[in-house]
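What follows is one structure encoded as structure tokens, with my remarks underneath.
The values are calculated or read from the model by the stated rules, or taken from the named source; none is laboratory data. Everything quoted here is computed from the prediction, not taken from an experiment. Virtual Cβ from ideal backbone geometry, glycine too; neighbours counted across all protein chains shown. Quick note on the areas: whole protein, heavy atoms, side chains included, nothing else; ligands and nucleic acids left out. Shrake-Rupley method; radii C 1.70, N 1.55, O 1.52, S 1.80 Å.
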Amino acid sequence: MKMFYLAILFLAAGLAFASAQTNLNSPADHSGAPKIARGPLKINAEGPTAFDLNHHFVTYTENVVVTDPQMKLTCEWLQANLPVNGGRMTNIVAQTNVVMDFTDEKGQKTRATGDQAVYYFHVENGITNETVTLTANPPGKPKVVQEQNTMTGDAIIWDRTTDQVRVTGHFQGIYLPNTNSPAGTNSKPIFQ
Amino acid sequence: MTSKLKTAKTNLGRARARVMFCLARARGAPLAAMLFFLARVHAQTLPPGANASDFSSVEYYDAPNQQQVKSQISGASAQPIEGGLLLIKHVKLERFLVDGKPQLIVTAPECVFNPMTGQANSPGEVHMQTGDKSLQIEGQGFLWRQSESFLIISNHVQTIIEKTPAIAP
């Protein structure tokens, strides 16, 4: 299975994937050292929200909106674990019409869409794993769009510890150069 | 009366997580309150208009943790209404872990409580927070099923999660 690291892709394509409060150029931090808190996370839902305290999870329904300083996620259904002794949620699943919007420090907007997004947080042997994996029900594919540039694949994985994004399986990228640039006359996609 | 309440509380707690009521200082009707306490399923027998203060209903864990409170619903007052239900004012609903730490605290201006089923519900506003206060939730309307430890907030749910550093203990 081909793995394309989006950071490399963005360098090649001139893209800068949104990471409003993170730095793509900073060294990856797998040390497990505490990070600076990113600020509060908000989850709003129009419909019923169920808390199962025996099995320790919460389910939000209808026009679910998750916002934090880095991104906004909307979906129709979201389930998250409720840690028994408090602390952070480590497993979150968002389903149906999943849309993730990012805006970077320069105001560049990026949108990722799919049918399911899975957030996973885990620390083992001092190593922090924190990922968001976006997938879609076949024949659909998860998609990342930044202005006129588009990427799809079987799964789009955002590693939040390194702020790298990679696309797995059946990758397709379409990059249209900025028309204001000297090379902007070329309207053909360069990744396909 | 307090000692009687405590004794009954212990007995009921040992009797496999039974719900009970503590009605202290029943307004102008201490006998009625006591009867109400002893015969929880017959709350509708309270004299019409009786309004007991300092209401609480406690659920205990199953053995071997039968001494540990699992959940408690309390209120500033409880008024019997039709169908054997209670209208509870200034409701506080707490869910505890086996070690006694609070897991969840729910507050609402009022709710209707069914002593038979252990269900509480309200169409009004509700506020909830986890024991460590890392999660704050507000919404409109709720249903609490005591026996299942299941809470549903009906509409317009707003959650704020205070993020912890990205590392687990």
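Stretched out fully, how many nm does the piece from B:Asn155 to B:His90 gain, at 0.36 nm a residue minus the Cα gap?
Here the answer is 21.4 nm.
The modelled label-to-label distance between B:Val98 and A:Val84, using points 7 Å beyond Cα along the C-beta direction, is 0.7 nm.
When A:Arg88, B:Arg95 are compared by accessible area at a 1.4 angstrom probe, the order from most to least is A:Arg88, B:Arg95.
Averaged over peptide A:76-84, the number of partner chain Cβ atoms lying within 10 Å of each residue's Cβ comes to 2.
Can you pick out the pairs among A:Lys109/B:Lys133; A:Lys72/A:Lys141; A:Lys42/B:Lys70; A:Lys72/A:Lys106; A:Lys72/B:Lys101 whose Cα atoms lie more than 24 Å from each other?
As for pairs spanning more than 24 Å Cα to Cα, those are A:Lys109/B:Lys133; A:Lys42/B:Lys70; A:Lys72/B:Lys101.
A probe of 1.4 angstrom, applied to the heavy atoms of all protein chains, finds A:Tyr119 with accessible area near 30 square angstrom.
In the context of the full protein assembly, B:Glu110 retains an accessible surface of approximately 70 Å², using a probe radius of 1.4 Å and ignoring ligands and nucleic acids.
Estimated at 0.36 nm per residue, the fully extended path between A:His56 and A:His122 surpasses their Cα-Cα distance by 22.1 nm.
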